[in-house]
């Protein structure tokens, strides 16, 4: 048995359950510490995962045997927590979005680099099997020239969801549908479409008592000349309808749908290959919108730190989607097309 990396998990809420379960099962990881300011949550995690609990992040950071801090707190807390961990010499895994503005994202990247630690930003939807198959097709030039890309998030979040915690739906700690629910999907459209030249967008708060948008539409112009559309809402009735990615090129068309970018709905290429007849086998049917990618992602974190792999998505990759979302907000606020990169 090889070296086990010691993880300290901060934030014991919804997504943390998935992180904790996986870390407790991976051979290369030991979830030794958990932390949450809500004592009942920290106590529950400590009991379930046989870890030592803390109620103060500064106390967690005093544990010198930690290798990796896994941050699953509200998004607005990610930057400061990342920097504090980096300054203690700990590698950092942070859930999306890495930050709620570019200044904080750059601060995180700079501090991790300065302190010689790695920064991982979770983008597990890249690892969905249908997405992986489509990426392989892109790298094999099967699409030809790209014309149009679309990503759609048609989900529902009742007011009760936002009322569960005081930070939900706030500008300071959470962000709206783009930063929260659609962050992964913006990442995907960029992963396939490449760098963005400009953005034109509208956002609105239509059906929730929150500080931020619950609906957004954006038109992208990629540097390649292709166009893209981002559509995101948490106002869908009565349940999650779709989380999709569509890629249309001169020689191929693919749509990955389902509610979590998990199901091949269209797969057509000019160069028909034998393996295409088995493409539906890559579809998955996860029980929730998180999908199955976290296990593969966290294994990559371990392998990267131990020098056996390259990171799937580091701080620089995480920043790309954040910059486009910031451009969307700027366009919506000004009513004008916004050029990238942002100054």
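The values are calculated or read from the model by the stated rules, or taken from the named source; none is laboratory data. Note that the coordinates shown come from a computational prediction; the quantities given were computed from them, not determined experimentally. Here Cβ is always computed from backbone atoms with ideal geometry, including for glycine, and neighbour counts include all displayed protein chains.
Residues in the stretch 116-148 that are in contact (Cβ under 8 Å) with a residue 40 or more places away in the chain, part of a loop (DSSP other than H, G, I, E, B) and touching a strand residue (DSSP E or B) at 6+ places or on another chain (Cβ under 9 Å): 118, 122, 128, 142, 143, 144, 145. Scanning the stretch 62-70 turns up no residue that is over 14 Å from residue 31 (Cα atoms) and buried (at least 21 other Cβ atoms within 10 Å of the Cβ).
The residues on offer are 218, 226, 204, 260, and the sole one that is within 23 Å of the chain's Cα centre (by Cα), over 30 Å from residue 309 (Cα atoms) and touching a residue at least 60 places away in the same chain (Cβ under 8 Å) is 218. Can we say residue 73 is without any contact (Cβ under 8 Å) to a residue 40 or more places away in the chain, touching a strand residue (DSSP E or B) at 6+ places or on another chain (Cβ under 7 Å), assigned by TED's automatic domain parsing to the domain that holds residue 306 and buried (at least 18 other Cβ atoms within 10 Å of the Cβ)? It is false that residue 73 is without any contact (Cβ under 8 Å) to a residue 40 or more places away in the chain, touching a strand residue (DSSP E or B) at 6+ places or on another chain (Cβ under 7 Å), assigned by TED's automatic domain parsing to the domain that holds residue 306 and buried (at least 18 other Cβ atoms within 10 Å of the Cβ).
With respect to being at pLDDT 95 or above, at positive phi and outside the structural domain of residue 177 (by TED's automatic domain parsing), residue 225 falls outside the description. Among the residues of the stretch 87-107, those that are closer than 20 Å to residue 297 by Cα and either touching a helix residue (DSSP H, G or I) at 6+ places or on another chain (Cβ under 7 Å) or surrounded by fewer than 24 Cβ atoms within 10 Å (Cβ to Cβ) (or both) comprise 91, 92, 93, 94, 95, 96, 97, 98, 99. Can you find even one residue in the stretch 231-240 that is in a loop (DSSP other than H, G, I, E, B), within 21 Å of the chain's Cα centre (by Cα) and either surrounded by 18 or more Cβ atoms within 10 Å (Cβ to Cβ) or not assigned by TED's automatic domain parsing to the domain that holds residue 135 (or both)? Checking the stretch 231-240: at least one residue is in a loop (DSSP other than H, G, I, E, B), within 21 Å of the chain's Cα centre (by Cα) and either surrounded by 18 or more Cβ atoms within 10 Å (Cβ to Cβ) or not assigned by TED's automatic domain parsing to the domain that holds residue 135 (or both).
Among 178, 219, which is the only one that is surrounded by fewer than 23 Cβ atoms within 10 Å (Cβ to Cβ), under 27 Å from residue 337 (Cβ atoms), modelled with pLDDT of 95 or more and in contact with a strand residue (DSSP E or B) (Cβ under 9 Å, 6 or more places away or on another chain)? Before you say what the answer is, go through the steps one by one.
Working: 178 fails: surrounded by fewer than 23 Cβ atoms within 10 Å (Cβ to Cβ).
Testing whether each residue is surrounded by fewer than 23 Cβ atoms within 10 Å (Cβ to Cβ), under 27 Å from residue 337 (Cβ atoms), modelled with pLDDT of 95 or more and in contact with a strand residue (DSSP E or B) (Cβ under 9 Å, 6 or more places away or on another chain) leaves just 219.
Residues that are free of Cβ contacts under 8 Å to residues at least 40 places away in the same chain, assigned to a helix (DSSP H, G or I) and under 19 Å from residue 78 (Cβ atoms) within the stretch 1-44 comprise 14, 17, 20, 41, 42, listed in sequence order. Given the conditions (1) touching a helix residue (DSSP H, G or I) at 6+ places or on another chain (Cβ under 8 Å); (2) closer than 23 Å to residue 331 by Cβ; (3) surrounded by fewer than 17 Cβ atoms within 10 Å (Cβ to Cβ), which single one is not true for residue 167? Among (1) touching a helix residue (DSSP H, G or I) at 6+ places or on another chain (Cβ under 8 Å); (2) closer than 23 Å to residue 331 by Cβ; (3) surrounded by fewer than 17 Cβ atoms within 10 Å (Cβ to Cβ), the lone unmet condition for residue 167 is (2). All conditions in (1) surrounded by 18 or more Cβ atoms within 10 Å (Cβ to Cβ); (2) within 18 Å of residue 191 (Cα to Cα); (3) in the same structural domain as residue 102 (by TED's automatic domain parsing) hold for residue 302, with the sole exception of (2).
Of 110, 80, which residue is more than 18 Å from the chain's Cα centre (by Cα) and farther than 18 Å from residue 35 by Cα?
Within the list 110, 80, the selection yields 110.
Would you mind stating whether residue 197 is touching a residue at least 60 places away in the same chain (Cβ under 8 Å), over 25 Å from residue 104 (Cα atoms) and either outside any loop (DSSP other than H, G, I, E, B) or in contact with a strand residue (DSSP E or B) (Cβ under 6 Å, 6 or more places away or on another chain) (or both)? Criteria not met by residue 197.
Step by step: first the residues of the stretch 193-207, then only those that are crowded, with 20+ Cβ neighbours inside 10 Å and in contact with a helix residue (DSSP H, G or I) (Cβ under 6 Å, 6 or more places away or on another chain), then the one that is farthest from residue 255 (Cα to Cα). Which residue is that?
203
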